[in-house]
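Trainee: This is the structure, below, for whatever I ask next.
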Amino acid sequence: GVVSSRVVTFSEVEAYSFSATEAIRRQYSAQPDVLQQKLNDTLNDSLEQLIERALILRSFDTDGYKLPDAVVDELVQERVRERFGDRVTFMKTLQTQGMTVEQFRKQVREQYIESALRNQNVDHEIFISPYQIENYYKANPDEFRVEDEIKLRMIVLTKAAPGDTNILKLAREIQSKIKDGTPFSEMATIYSQGSQQHQGGDWGWVQKSVLRKELAEAAFSLKPGTVSDIVNTPDTCYLMLVEDKHASRIRPLIEVAPDIEKTLRLKQQAKLEKDWIDGLKKKTFIRYF
């Protein structure tokens, strides 16, 4: 693409999207059709981002701003320390990516200018009032709804094979000890093979969707303070203790206000950025080829 007199080349787009495309190649290596679509989408997104950067850099120049070389040198040194640790690793990485030191320096300079102008033209204008937060909360109650929850402890006993009867026998012995008064958490610490073994089998507060179907049905039918029957699946035996239960509820405003503010801030930021970039586009010749 061409932005005014600046050309955004395909090689620049490839370099800009290098990390993302490498990750996509690894993730979708066995799905060639999906891989190609993901690569195309990533390259198109990268082209648009580079065109935006070109527009911003043009506005930086036309508005008469300057960034001294000494400042750029300091930014490059800082980026090398943060991302690569030492210059040897830095040079090897650049070689792998087919990038020269001068190209890297140019990239650092442009990223800094872009970030500074975005902050100047967008971020400082954003203010989210308590009134906006409260209105969003009232208009979107389902977004803050918490489903039924239980406070759960679980003993997980893995079978050596589907026909293994020893694990079922062990589960019955553990169940008997719990009925006789041995704390569930103690039995979990000793016998459970689940990841929460050393926390006494404590899963904390969980919703139905977190558990596999057989466990969810058994656990959510229990009253607080009661232990389930043995849930016997082909590969595992489970015992569960429901310590407490919460009915479905809507989280209070004071609890979700920070998340709402973040959501509204991102929405307002996206709008301000779009308006700003659209304004730059109107002043600039852009051609795709």
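Trainee: So what are the three principal axis dimensions of the chain from its Cα atoms, in whole Å, longest to shortest?
Mentor: Taking max minus min along each principal axis of the Cα atoms, the chain gives 82, 51, 39 Å.
Trainee: Largest first and in whole Å, what are the equivalent-ellipsoid semi-axes of region 82-138 based on the Cα gyration tensor, each being the root of 5 times an eigenvalue?
Mentor: Details: eigenvalues 331, 42, 15 Å².
Equivalent-ellipsoid dimensions as semi-axes: 41, 15, 9 Å.
Trainee: Per residue, how much accessible area does the chain have with a 1.4 Å probe, in Å²?
Mentor: Numbers: 17790 Å² over 289 residues.
For the chain, the solvent-accessible area averages 62 Å² per residue.
Trainee: Could you sort out which of K245/K267; K262/K283; K38/K138; K177/K245 sit more than 29 Å apart by Cα distance in this structure?
Mentor: Working: K245/K267 36 Å; K262/K283 32 Å; K38/K138 38 Å; K177/K245 24 Å.
Among K245/K267; K262/K283; K38/K138; K177/K245, the Cα-Cα distance tops 29 Å for K245/K267; K262/K283; K38/K138.
Trainee: In cubic angstrom, how much convex hull volume per residue do the alpha carbon atoms of region 103-218 span?
Mentor: Given the Cα convex hull of region 103-218, per-residue volume reads 257 Å³.
Trainee: How big is the gap, in Å, between the Cα center of region 64-110 and the Cα center of region 170-249?
Mentor: Cα centroid of region 64-110 versus Cα centroid of region 170-249: 55 Å apart.
Trainee: Related question: Which percent of the accessible area of the chain is formed by carbon and sulfur heavy atoms (probe 1.4 angstrom)?
Mentor: Details: 9020 of 17790 Å².
With neighbouring chains kept in place, the figure for the chain is 51 percent.
Trainee: Roughly what would the spin-label model give for Q49 and Q269, points 7 Å off Cα along C-beta, in nm?
Mentor: 1.4 nm
Trainee: Using the charge dipole of region 197-289 (Lys, Arg: +1 at Cβ; Asp, Glu: -1 at Cβ; taken about the Cα centre), state which of V227, T263, G201 has its Cα farthest towards the positive end.
Mentor: Of the candidates, T263 comes out farthest on the positive side.
Trainee: Is the shape of region 22-108 best called rounded, prolate or oblate, per the rule: a/c under 1.5 gives rounded, else a/b larger than b/c gives prolate, else oblate, with a ≥ b ≥ c the square roots of the Cα gyration tensor eigenvalues? Walk me through the numbers before you get to the answer.
Mentor: Details: a/c = 3.60, a/b = 1.38, b/c = 2.61.
Here region 22-108 falls in the oblate category.
Trainee: Out of region 57-157, which chymotrypsin sites (Phe, Trp or Tyr not before Pro) are coil in DSSP terms and have no more than 13 other C-beta atoms within 10 Å? Don't jump to the answer; show the numbers that get you there.
Mentor: Details: sites: F60, Y65, F84, F90, F104, Y112, F127, Y131, Y136, Y137, F144; in loops: Y65, F84, F127.
Passing sites in region 57-157 are Y65, F127.
Trainee: Turning to a different aspect of this structure: Would you mind giving the average projected area, over all directions, of the Cα convex hull of region 174-275 in nm² with one decimal? Don't skip to the answer; put the middle values down first.
Mentor: On the way: hull surface 40.3 nm².
Mean orientational projected area (region 174-275, Cα hull): 10.1 nm².
Trainee: Over the Cα atoms of region 1-158, what is the Rg over Rh ratio if Rh follows Kirkwood?
Mentor: Details: Rg = 22.5 Å, Rh = 20.1 Å.
Rounded to two decimals, Rg over Rh is 1.12.
Trainee: How large is the helix-only mean residue ellipticity at 222 nm for the chain, computed as the sum of -39500 (n - 2.57) over DSSP H runs with n ≥ 4, divided by its residue count, in deg cm²/dmol to the nearest 500?
Mentor: Numbers: 11 runs with 164 residues, N = 289.
Rounded to the nearest 500, the figure is -18500 deg cm²/dmol.
Trainee: Considering Cα pairs under 8 angstrom that are at least six residues apart, work out the relative contact order of the chain and quote it in whole percent. All intermediate terms of the calculation are to be shown ahead of the outcome.
Mentor: Working: 309 pairs, mean separation 68.2, N = 289.
Worked out over the chain, it gives 24 percent.
Trainee: 7 Å from Cα along Cα→Cβ at both K223 and K283: what's the point-to-point distance in nm?
Mentor: 7.3 nm
The values are calculated or read from the model by the stated rules, or taken from the named source; none is laboratory data. Computed from a prediction, not measured in an experiment: that's the story for all the values here. Every residue, glycine among them, receives a Cβ derived from its backbone with ideal geometry; neighbour counts consider all protein chains shown. Ligands, DNA and RNA are stripped out before the accessible areas are found, and what is left, the full protein with its side chains, is counted by its heavy atoms. Shrake-Rupley method; radii C 1.70, N 1.55, O 1.52, S 1.80 Å.
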